[in-house]
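Peer 1: To start, I am sharing the structure in question, which I have written as structure tokens.
The values are calculated or read from the model by the stated rules, or taken from the named source; none is laboratory data. Source: prediction; values computed, not measured. A quick note on method: Cβ atoms are made from the backbone with ideal geometry, for glycine too, and the neighbour counts reach across all protein chains shown. Keep in mind that these areas ignore ligands, DNA and RNA; they rest on the heavy atoms of the full protein, side chains included. Shrake-Rupley method; radii C 1.70, N 1.55, O 1.52, S 1.80 Å.
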There are 2 protein chains.
Amino acid sequence: MKTDTVYKQAFNAMLDLVSGVPIETPLPSENELSAALSVSRTTVRKVLGELVSRGYLRQEGRQRIVARLIPPDAHFANTETISASEQVETRFMEWMLRGDTRPGQQINELDLARQFGVGTTGIREFLNRFRRFGLIEKRPNAGWRFKGFTVDYAMELFEIRELFELRSAAVFAELDPTDPVWRELANLEAQHRTLLASIDERFQDFSDLDNRFHRFINAVLPNRFIEDFYEIISFIFHYHYQWNKQDERQRNEVAIAEHLAYIEALKSRDRRAIELACRRHLASAKQTLLNSTRLR
Amino acid sequence: MKTDTVYKQAFNAMLDLVSGVPIETPLPSENELSAALSVSRTTVRKVLGELVSRGYLRQEGRQRIVARLIPPDAHFANTETISASEQVETRFMEWMLRGDTRPGQQINELDLARQFGVGTTGIREFLNRFRRFGLIEKRPNAGWRFKGFTVDYAMELFEIRELFELRSAAVFAELDPTDPVWRELANLEAQHRTLLASIDERFQDFSDLDNRFHRFINAVLPNRFIEDFYEIISFIFHYHYQWNKQDERQRNEVAIAEHLAYIEALKSRDRRAIELACRRHLASAKQTLLNSTRLR
DNA sequence: TAGTTGCTTGTTATCGATAAAAAGCCGACA
DNA sequence: TGTCGGCTTTTTATCGATAACAAGCAACTA
């Protein structure tokens, strides 16, 4: 059976939406709500039905009116809104990166399924999707093997990353000055400066900005394989940032400075300068990952 | 329930092995057979049991003796030795590349499952693995969409291919003349010349040689992500070769000539010459794929 | 004593069923 | 006439069961 996490998430989002609206206001149409919450109208109706039956909303003809304030404890708990497959991802990454997994270790589907409280199918599906990250390996009829989050892994990952990003960065040198890309770059530069100004409080916001910045560079010449690869980078860094908090503020401040130098180089449209700034920043990012204590 | 294709394949392989041995010869140990057929001893024993019960073998103490000639019709039919997941792969590629699938088309799991005679799980698993080829796309809770085997696809594929292969080919210029790689390269060159000499009869063997040649080049500096990407190339070309037989002999003869020029360039260890030969061959390979009638 | 076989236990591949969610249909209303 | 909402149909996510296969154990033989 499917989990009803889509419903529960939509329910919570709808509560937020309704809370933001004064009492006695009529709600938008089901189609609009469906678009706003990114779920099907079927799910919207299920949520609305529940809200009406709880008396938060009142049905008047075709309209639904906000009847009273939403109690603060009406939301579903966050743990209930996580689908089985998301659950598997988080738990698996934790198992792999924080547990005592060793390179070469056998991965047991049934065992993980029980540990994570899901069916074996969910594990299999995750492992199949996860294979492309290059950390596990399959032997047909005989299960999966963990290859290890090793130094080699980080080196291979960054070799490709550099190959791709140098190719994209080089394109900037050829771009027409009227290209809308420059506006977007200026925009990103401003965001970097703003973040740098309040780095002490907001250093945790860098992870997201970093992600957007590199995706932006690689998007000048769109290629689905590069985009796919960048998902690997994002994923690895997501968990890296989450679990390696050491010197985080310091690290991010350095990275922002490198980004700004990189942006200057891009704006100069000087091939040499671009290549240098790109290499320099990626080398430092690689070092950060290599320093990660979990890497052995 | 699992299919018993492993058993059936092992059975056929064992028949071939037994046929190659004179009557009254004792068979090797179960462990040796297991290694020879790349299946577990459990499966070996199941096969041997059947062969004994059919009277092809005779148990004498601990030894199993070849008792009589294997009838030519003893093998399982090839169709019986294809596991569900292999079945799905072949049928899906046929459905996608030869049917009337259109870019943007919805892919229906249950429908395909029925069409291919497998459970829905098998289809899901295949689609998840197939996603990395960049030809399909998933919308959560709402199925898969076929993106189309388009010109853009071929362009993006070859852009990466060129990026990777130029990087590997460039390494050859730096290699020490005593490196074992040169021996291997000479070996491959000889295979090309042999094939060229009898191109009229053996032009179909090129596909395999092509695959080995490019994998060899990319292996000078091993990187799991490049190897993974090369699987995509191999896969696409596998089906391309299988279904586009037009001018095959002619095409392959040209490609061999390009390979030989490429090999010359590598041996010269001249950066410029290597880059030129590599680009030239890949451009022509791209053109071959683009000319494929199924590309729209 | 190392390698063998018979037997037992652990693990994967595959199916079918079912509730959740999406998508389609159609009359009604504004 | 186009959007809306009630209802029906289609499709996906997830589970648990089961036979096939792999791997481990222990007694045996050469």
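Peer 1: Could you give the size of the charge dipole of chain A about its Cα centre, using +1 on the Cβ of each K and R and -1 on the Cβ of each D and E, expressed in debye and rounded to the nearest 20? Numbers along the way, then the final one.
Peer 2: Values: 42 positive and 42 negative charges, 166 e Å.
With only Lys, Arg, Asp and Glu charged at Cβ, the dipole is about 800 debye.
Peer 1: Enter the mean number of other protein chain beta carbons within 10 Å of the beta carbon of each residue in B:152-164, as an integer.
Peer 2: If you average over the peptide's residues, the count of other-chain Cβ atoms is 3.
Peer 1: Over the protein assembly as shown, what percent of the accessible surface lies on carbon and sulfur atoms, probe 1.4 Å?
Peer 2: Answer for the protein assembly as shown is 50 percent, counting heavy atoms of protein chains only.
Peer 1: While we're here: As a test of the formula, what do you get for chain A when each DSSP H run with n ≥ 4 contributes -39,500 (n - 2.57) and the sum is divided by the residue count, at 222 nm and rounded to the nearest 500 deg cm²/dmol?
Peer 2: Dividing the helical sum by the residues of chain A leaves -21000 deg cm²/dmol.
Peer 1: Shortest first and in nm with one decimal, please list how far the residue A:1 label point sits from its counterparts in the other copies (point 7 Å along Cα→Cβ).
Peer 2: Label-point separations across copies, in nm and ascending: 2.9.
Peer 1: Same structure again: With helices defined as uninterrupted DSSP H runs, which ones in chain B have an alpha carbon span along their own long axis of at least 24 Å and mean Kyte-Doolittle hydropathy of at least 1.6?
Peer 2: Membrane-span-like by this rule: not one helix.
Peer 1: How big is D for the stretch A:60-210, in µm² s⁻¹ as a whole number, if Stokes-Einstein is applied with the Kirkwood radius of its Cα pairs at 4 °C and 1.567 mPa s?
Peer 2: 63
Peer 1: Assuming a ≥ b ≥ c are the square roots of the Cα gyration tensor eigenvalues, decide whether the protein assembly as shown counts as rounded (a/c under 1.5), prolate (otherwise, with a/b larger than b/c) or oblate.
Peer 2: Details: a/c = 1.90, a/b = 1.29, b/c = 1.47.
It comes out oblate by the Cα gyration axes.
Peer 1: Let me know the shape class of the stretch B:84-146, please: from the alpha-carbon gyration tensor, a ≥ b ≥ c as square roots of the eigenvalues, rounded when a/c is under 1.5, otherwise prolate if a/b is greater than b/c, or oblate.
Peer 2: It is rounded, given that a/c, with a ≥ b ≥ c, falls under 1.5.
Peer 1: How would you classify chain B from its alpha-carbon gyration tensor, with a ≥ b ≥ c the square roots of the eigenvalues: rounded for a/c under 1.5, else prolate if a/b is greater than b/c, otherwise oblate?
Peer 2: oblate
Peer 1: For the stretch A:101-170 and the stretch B:160-184, what is the centre-to-centre distance using only Cα atoms, to the nearest Å?
Peer 2: Centre-to-centre (Cα) distance: 28 Å.
Peer 1: In what sequence, largest accessible area first, do A:286, B:2, B:46 appear using a 1.4 Å probe?
Peer 2: Result of the area sort, largest leading: B:2, B:46, A:286.
Peer 1: Can you compute the charge dipole magnitude of the protein assembly as shown about its Cα centre, using +1 on each Lys and Arg Cβ and -1 on each Asp and Glu Cβ, nothing else charged? Give it in debye, rounded to the nearest 20.
Peer 2: Charge dipole of the protein assembly as shown: 1120 debye, to the nearest 20.
Peer 1: In addition: Averaged per residue, what accessible surface does the protein assembly as shown expose to a 1.4 Å probe, in Å²?
Peer 2: 51
Peer 1: For the protein assembly as shown, with the dipole built from +1 on Lys and Arg beta-carbon atoms and -1 on Asp and Glu ones, taken about the Cα centre, which of A:218, B:118, A:95 lies farthest toward the positive end?
Peer 2: B:118
Peer 1: Right, another one. Considering only lysines 8 or more places apart in sequence, or on different chains, count the pairs in chain B whose C-alpha atoms sit under 22 Å apart.
Peer 2: 5
Peer 1: Would you mind giving the mean number of other chain beta-carbons within 10 Å of the Cβ of each residue in A:222-230, as a whole number?
Peer 2: Per residue, the average neighbour count from other chains is 5.
Peer 1: Counting only residues 5 or more places away or on other chains, whose amide H sits under 5 Å from the amide H of residue B:107 once H atoms are built in the peptide plane?
Peer 2: B:144, B:145, B:146
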